[in-house]
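Let me begin by presenting the structure, written as structure tokens, before commenting on it.
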Amino acid sequence: MPVLNQAFRQRLLQYAYLMRLHKPIGILLLLWPTLWALWIAGQGLPDLPVVAVFVAGVVLMRSAGCVINDYADRDFDPHVARTRDRPIAAGRVSGKEALLLFAGLCLIALGLVLLMNRLTVWLALVALFLAATYPFMKRYTHWPQVYLGAAFGWAIPMAFAAQTGEVPREAWLLFVANVLWATAYDTMYAMADREEDLKIGVKSTAILFGDADRAIIALVQVLLLFALALAGNAAGLGGYYYFGLLLAASLALYQQYLIRERQPQACLHAFLNNNWFGAAVFAGILLDYVARLNG
């Protein structure tokens with residue numbers, strides 16, 4: 001029995017690695033825009049059951065996304081230094097196990113979303129399609145980073161639908177902002193793998209942009225901040241929110257500094273720094289509503 005328990009624990013550990021639970025950055029990058037949407041939709045007081053469902057959904061769907069991504073990349077990952085030790089690439093988890101795990105995570109997420117209203121359920125079907133198809137985009141287009149933004153950002157209209165029963169203008173502005181944000185940070189991430197991706201035939205915006213990568217990322221970041229400003233204006237947010245955007249802008253400048261020489265580790269550092277960008281925007285939203293509710 002102890003041997004069986006040890007084997008079971010090892011199996012669970014490999015599944016946890018496959019879901020990237022030891023690397024929570026993906027959860028955070030999906031969580032921040034979800035929280036932006038929930039707090040704006042709830043005007044500073046979102047329903048706690050809705051928040052709980054969406055936070056759990058973020059963890060489940062990000063985990064499911066990692067599983068299906070590694071399944072899709074099972075023939076590529078063994079040839080890339082950064083990914084060759086992933087559970088499927090290293091042969092510790094089979095493709096069949098990965099598909100079953102992906103299906104199980106999606107079913108649990110679906111069970112949670114069924115607690116929400118009908119509009120949210122219909123939007124969740126789109127979210128499932130985006131999550132399941134995103135990993136295959138890098139084979140067919142140089143724009144998988146934009147598709148990732150749509151997949152990560154779809155929680156925004158879902159959050160508004162769950163909280164208010166509709167998807168207003170500010171929700172779509174936040175969605176556009178998130179697509180721009182993901183395009184910027186995932187291009188930084190792809191810059192770290194550019195040489196190896198070129199060898200194995202994987203497409204990305206980092207490859208497409210070439211030597212113009214830093215300038216295009218900077219332009220995308222400017223458009224991102226503009227879209228966030230428009231969303232804040234549509235939602236009636238005030239000074240604290242725009243101070244949060246100022247902090248976010250300073251972080252974008254720091255990220256530009258990090259990627260100035262296109263060193264892989266520095267590009268990964270810039271990618272990780274986007275956690276603080278998302279946190280700065282949320283802090284501005286939170287403080288604005290706290291000040292308003294206490295005013």
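The values are calculated or read from the model by the stated rules, or taken from the named source; none is laboratory data. The structure displayed is predicted, hence computed values, not measured ones. Note that we place each Cβ from the backbone using ideal geometry, even for glycine, and neighbour counts take in every protein chain shown.
Considering the stretch 142-171, the residues that are more than 21 Å from R62 (Cα to Cα) and either touching an Asp or Glu at 6+ places or on another chain (Cβ under 6 Å) or acidic (D, E) (or both) include one that is surrounded by the most Cβ atoms within 10 Å (Cβ to Cβ), namely E170. Considering every residue within the stretch 47-64, establish whether at least one is part of a loop (DSSP other than H, G, I, E, B), at negative phi, in contact with a helix residue (DSSP H, G or I) (Cβ under 9 Å, 6 or more places away or on another chain) and acidic (D, E). Among the residues of the stretch 47-64, at least one is part of a loop (DSSP other than H, G, I, E, B), at negative phi, in contact with a helix residue (DSSP H, G or I) (Cβ under 9 Å, 6 or more places away or on another chain) and acidic (D, E), which makes the answer yes.
Looking only at the stretch 48-75, count how many residues are among the charged types (D, E, K, R) and at pLDDT 95 or above.
Residues of the stretch 48-75 among the charged types (D, E, K, R): 62, 70, 73-75.
Right, trim to at pLDDT 95 or above and you get none.
Residues in the stretch 48-75 being among the charged types (D, E, K, R) and at pLDDT 95 or above: 0 in total.
Is it true that some residue in the stretch 232-242 is within 19 Å of H269 (Cβ to Cβ) and either assigned to a helix (DSSP H, G or I) or in contact with a Phe, Trp or Tyr (Cβ under 8 Å, 6 or more places away or on another chain) (or both)? No: the stretch 232-242 contains no residue that is within 19 Å of H269 (Cβ to Cβ) and either assigned to a helix (DSSP H, G or I) or in contact with a Phe, Trp or Tyr (Cβ under 8 Å, 6 or more places away or on another chain) (or both). Can you tell me which residues in the stretch 247-295 are without any contact (Cβ under 8 Å) to a residue 12 or more places away in the chain, out of contact with any helix residue (DSSP H, G or I) (no Cβ under 7 Å at 6 or more places or on another chain) and under 22 Å from R194 (Cβ atoms)? Across the stretch 247-295, the qualifying residues are Y257, E261, Q263.
Scan the stretch 102-117 and give yes if some residue there is assigned to a loop (DSSP other than H, G, I, E, B) and surrounded by 16 or more Cβ atoms within 10 Å (Cβ to Cβ), otherwise no.
Looking only at the stretch 102-117, we keep the residues that are assigned to a loop (DSSP other than H, G, I, E, B), and these are 114-117.
Of the ones still in play, those that are also surrounded by 16 or more Cβ atoms within 10 Å (Cβ to Cβ) are 116.
Yes - at least one qualifying residue is present in the stretch 102-117.
For the stretch 1-36, residues that are in a loop (DSSP other than H, G, I, E, B) and either at pLDDT 85 or above or of a type in the set (G, A, S) (or both) total 6.
I'm trying to understand the selection: among the residues of the stretch 157-193, which are more than 14 Å from the chain's Cα centre (by Cα) and closer than 17 Å to P135 by Cα? Across the stretch 157-193, the qualifying residues are A190, D193. Taking first residues from the stretch 166-194 that are of a type in the set (K, R) and partners that are modelled with pLDDT of 95 or more, the Cβ contacts under 7 Å between residues at least 6 apart in sequence or on separate chains come to R169/A234.
Scanning the stretch 37-46 for residues that are part of a loop (DSSP other than H, G, I, E, B) and touching a Phe, Trp or Tyr at 6+ places or on another chain (Cβ under 8 Å) gives Q43, G44, L45, P46.
Within 25 Å of K23 (Cα to Cα) and either of a type in the set (K, R) or modelled with pLDDT under 95 (or both): is that true of R262 in this structure? Step through it out loud before you land on a result.
Details: within 25 Å of K23 (Cα to Cα): yes; either of a type in the set (K, R) or modelled with pLDDT under 95 (or both): yes.
So R262 passes the test.
Going by the conditions given, is G153 over 24 Å from N275 (Cβ atoms) and either touching a Gly at 6+ places or on another chain (Cβ under 6 Å) or modelled with pLDDT of 90 or more (or both)? The answer is no for G153.
A single entry from Y257, Y185, Y241 fulfils the requirement of being more than 21 Å from A151 (Cα to Cα), surrounded by 15 or more Cβ atoms within 10 Å (Cβ to Cβ) and at pLDDT 95 or above: Y241.
Residues to consider are R74, R84; find the one that is free of Cβ contacts under 8 Å to residues at least 40 places away in the same chain, part of a loop (DSSP other than H, G, I, E, B), within 25 Å of F129 (Cβ to Cβ) and basic (K, R).
On the way: R84 fails: within 25 Å of F129 (Cβ to Cβ).
Result of the check over R74, R84: R74.
For the stretch 36-59, the criterion of being touching a Cys at 6+ places or on another chain (Cβ under 7 Å) and either touching a residue at least 40 places away in the same chain (Cβ under 8 Å) or small (G, A, S) (or both) is satisfied by no residue at all.
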